[in-house]
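The structure appears right after this line, and notes come after that.
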Amino acid sequence: MSAFVALAIFLVAFFFIATEKADKVKVVLIAAGLMAVTGLIPGAEVFFSEHEGIDWNVIFLLFGMMVIVGIIKQTGIFDYLAIWAAKRSKGRPYRLMVMLMAITAVASPFLDNVTTIMLVAPVTIVVCNRLRIAAQPYLIAEVLASNIGGAATLIGDPPNIIIGSRAGLTFNDFLVHMAPIVVVIFAVFVLLSRWLFRNSFQYNAEHVAEVMALQERRAITDPRLLVRCLVVLGAVVAGFGLHAVVHIEPSIVALVGAGVMLLVSRASVSDVLDEVEWPTLVFFMGLFVMVGGLVHTGLIASIGTWAVETLGDNYFVAATALLFGSSALGAFFDNIPYVATTAPIVEGVVAAAPDPQIGQALWWAFALGADFGGNGTAVAASANVVAIGIAARNGHKISFWQFTRYGIVVTILSTLMAWLYVWMRYFT
């Protein structure tokens, strides 16, 4: 009975989030409160359970990077990059979009897609404001590119870190098995975006001429601070990359980096904290608790057990179900708690596999489905929520359905291509 109550609360909350009939932060707080008050998830679990409560690693990773980005913003580097990108693209909308998507997709496997979006989104908003064009299509395209690109490595997408830890997969394993299909899917997405966003491209010769006349170097307001910030940011990125070696959580790296950045910049703490996307952080906390209610009541575990019993020893069907199922479920449940919950179930299926190659194929199918499912809806991945929060803060609101109508198309295409890849590489 408790599982049905938890599911009812989740579905009602998701309805209000999707239809935007109420503020999404208020919705998740009420839903999370109901989960806790009704005992669907114990109060202690909300704050202290790794798999059923708030994922503090994600929250503090986001907080730390928001502080870092807030300080870097004071140097004028985002204005510099925006003018540079606009001038290199000559203001041509599709060319500009491809350039921004390429930067995002290349950076995401190494910075992780959330960090990349935090750095690229402000640049995008500035360049769009300079050109007097709507920023929403460019931000959406970047998020989709980021989720695709982030799938290529162990540290590129938070779910990959969870899967790598559970399955014993290394950075190089992800690079060898995930990167090839990621490159192909991104190339197809670049071509698809010409059609997908065709009604959003605007070109105004007068505004472009104004931007072309600007000197991007003049946008840098504090060169010394910029150098110090870039050194700290470089160290933070190196810390992310060495996660598998030093075993320090990315959230700790981000928090230390934020503290060091505050010291070397001598910035006002209150001014920097004003740059933090507090509604986004609170939304994530509530969302984690909502999903935690489904986990604690056994609903997701029951679905997994049913799937294992139904699939039996047909491992190609199992891989297919994992890929498409993870893509579909990951589009509605934030893919971080979804992967954390489902990974033990996948581990059980892999343990019964007849040989290691088949077992790895199941892990890769799971990873591809979860990563690409993150593009499905506006709340499917951390990068989506962060980008929408940044857009709203800067006067470029992106609605749930405005994002989702593009995300669904890209998710379906990516999932189908990933399925062909898994079939051809591991089962033929």
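The values are calculated or read from the model by the stated rules, or taken from the named source; none is laboratory data. Everything numeric here is computed off the predicted structure, so don't read it as measured data. Ideal geometry is used to build each Cβ from the backbone, glycine not excepted, and the neighbour counts take in all protein chains shown. Calculation scope for accessible area: heavy atoms of the full protein, side chains included, ligands and nucleic acids excluded. Shrake-Rupley method; radii C 1.70, N 1.55, O 1.52, S 1.80 Å.
Separation between the Arg194 and Ser165 pseudo-spin-labels, each 7 Å from Cα along Cα→Cβ, expressed in nm?
With each label placed 7 Å out from Cα toward Cβ, I get 4.3 nm.
Once the Cα atoms of helix 24-37 and of the chain are each reduced to a long axis, what angle between those two axes, in degrees from 0 to 90 to the nearest 10, is obtained?
Around 30 degrees separate the two axes.
On the accessible surface of the chain, probed at 1.4 Å, how many percent belong to carbon and sulfur atoms?
Carbon-and-sulfur percentage of accessible area, whole number: 66.
Rolling a 1.4 Å sphere over the protein heavy atoms, what is the accessible area per residue of the stretch 35-144, to the nearest Å²?
Dividing the accessible area of the stretch 35-144 by its residue count gives 33 Å².
What do you get when you divide the Cα radius of gyration of the chain by 2.2 N^0.38 Å, with N the number of residues?
Normalised by 2.2 N^0.38 Å, the Cα Rg of the chain equals 0.97.
So what is the 222 nm mean residue ellipticity for the chain from helices alone, if each DSSP H run of at least 4 adds -39500 (n - 2.57) and you divide by all residues, rounding to the nearest 500 deg cm²/dmol?
-25000 deg cm²/dmol
Please find, in a Gaussian network model of the chain (springs between Cα atoms separated by less than 10 Å), the residue of Pro279, Pro93, Pro250 whose mean-square fluctuation is greatest.
Pro279
May I ask you to list the residues of the stretch 68-85 whose amide nitrogen lies under 15 Å from a point 7 Å from Cα along the Cα→beta-carbon direction of Ser268?
So the set is 71, 74.
Just the Cα atoms of the stretch 1-122: what Rg and Dmax do they give in Å?
Rg then Dmax for the stretch 1-122, in Å: 20.1, 60.
Against the longest principal axis of the chain, how steep is helix 299-311, in degrees 0 to 90 to the nearest 10, with axes from Cα atoms?
Tilt of helix 299-311: around 60 degrees.
Can you check how the C-alpha radius of gyration of the stretch 126-178 compares to 2.2 N^0.38 Å, as a plain ratio? Before the final figure, lay out the partial values.
Working: Rg = 15.7 Å, N = 53, 2.2 N^0.38 = 9.9 Å.
Normalised Rg, Cα atoms only: 1.58.
Counting only heavy atoms of the protein chains, get the accessible area per residue of the stretch 265-343 (1.4 Å probe) and round it to a whole Å² value.
Result: 40 Å² of accessible area for each residue.
Which distance in Å, rounded to a whole number, links the C-alpha centroids of the stretch 326-362 and the stretch 143-202?
The stretch 326-362 and the stretch 143-202 have Cα centres spaced 18 Å from each other.
Pairing the Cα long axis of helix 113-131 with the longest principal axis of the chain, what angle in degrees results, from 0 to 90 and rounded to the nearest 10?
Approximately 40 degrees, to the nearest 10.
For the stretch 371-391 and the stretch 280-295, compute the distance between their C-alpha centroids and round to whole Å.
14
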